[in-house]
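One structure is given below, encoded as structure tokens.
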Amino acid sequence: MKPHLKLAETITPDGARLSLHSHDGHFCMRVNGQDLMHSATAASELQLGDLATEGLRSRPGRVLIGGLGLGFTLKAVLEKSNPDVMVDVAELFPAVVEWNRTFLAGLNGALLTDSRVNILVEDVAHALSRAAAVYDAILIDIDNGPTAMVQANNAGHYRAQGIQRFARALKPGGRAAIWSAKPDHAFETRLARAGFAVKSVPAKLYSTAKKTAYTIYLADKAVPKSAPPPPVVPLAGVIDPSEIS
């Protein structure tokens, strides 16, 4: 039997143990010993990147990914989008970025050196707060979705204030795609109240699974309707040429 190896560990600001493990060619991250993400069950992360960038197949754009993880969402965004897409990735934990550059270099870590990718070692909330109608797509794959698992503060990304942050950062017609470990009807309602057109998409644990395990929420920002042109008012004293005999 091949051994389970702990490759690295860091302590989060909340005091949780975030660790990276390998087994039989696969990798996983755990929080206090509980699996958070696994390279063998990354179908939903790939689906997240695919769905988020449906509008960027044939045109360039700018994308923000909240949460680097094992890099599968970044992989899908780069593979599915126009070759000229630019991608910002906000990752809160410096250790996760370092693990991708070292232990995970043969998985998806090499993508961090792609010229289209800009890594931001910070809370995604900070990146969103600096942006005003900047992004064509925003992907939120932080913690366990609306129900925090790694850090209690992460729940704020899914509340009204957090939703308003990515609403302001999206261009009109842009899309937010949010990964959730389970359906969350209250979160879906908050998205709709913020003015988004919302769709929930079931996602599988792995591509050949018969049942779905997770939920991806798609939130499309409306495009403002163009104002009607002002009525044409004839100028006083101007003769209509058709009236000249």
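The values are calculated or read from the model by the stated rules, or taken from the named source; none is laboratory data. What you see is a predicted model, and the numbers here were worked out from it, not measured in a lab. Note: ideal-geometry Cβ built from the backbone for every residue, glycine included; neighbour counts use all protein chains shown. With ligands, DNA and RNA removed, areas are computed over all heavy atoms of the protein, side chains included. Shrake-Rupley method; radii C 1.70, N 1.55, O 1.52, S 1.80 Å.
Some notes on this structure:
- Remark: pairs (first residue in the range 1-24, without any contact (Cβ under 8 Å) to a residue 60 or more places away in the chain; second residue assigned to a strand (DSSP E or B) and aromatic (Phe, Trp, Tyr); Cβ separation under 8 Å; 6+ apart in sequence or on different chains) = HIS21/PHE27.
- Scanning the range 112-133 for residues that are out of contact with any strand residue (DSSP E or B) (no Cβ under 6 Å at 6 or more places or on another chain), within 23 Å of ARG59 (Cα to Cα) and outside any helix (DSSP H, G or I) returns ASP114, SER115, ALA131, ALA132.
- Among the conditions (1) free of Cβ contacts under 8 Å to residues at least 40 places away in the same chain; (2) farther than 20 Å from LEU20 by Cβ, ALA110 misses just one, which is (2).
- Residue that is farthest from ALA181 (Cα to Cα), among those in the range 35-56 that are free of Cβ contacts under 8 Å to residues at least 40 places away in the same chain and surrounded by fewer than 18 Cβ atoms within 10 Å (Cβ to Cβ): ASP50
- Filtering the range 180-217 to residues that are open to solvent by 60 Å² or more (accessible area, probe 1.4 Å), over 14 Å from TYR158 (Cα atoms) and either touching a residue at least 60 places away in the same chain (Cβ under 8 Å) or assigned to a loop (DSSP other than H, G, I, E, B) (or both) leaves LYS204, TYR206, SER207, THR208, LYS210, LYS211.
- Residues in the range 38-70 that are within 10 Å of the chain's Cα centre (by Cα) and in a strand (DSSP E or B): VAL63, LEU64, ILE65, GLY66.
- Residues in the range 134-144 that are in a loop (DSSP other than H, G, I, E, B) and either closer than 13 Å to ARG62 by Cα or of a type outside the set (Val, Ile, Thr) (or both): VAL134, ASP141, ASN144.
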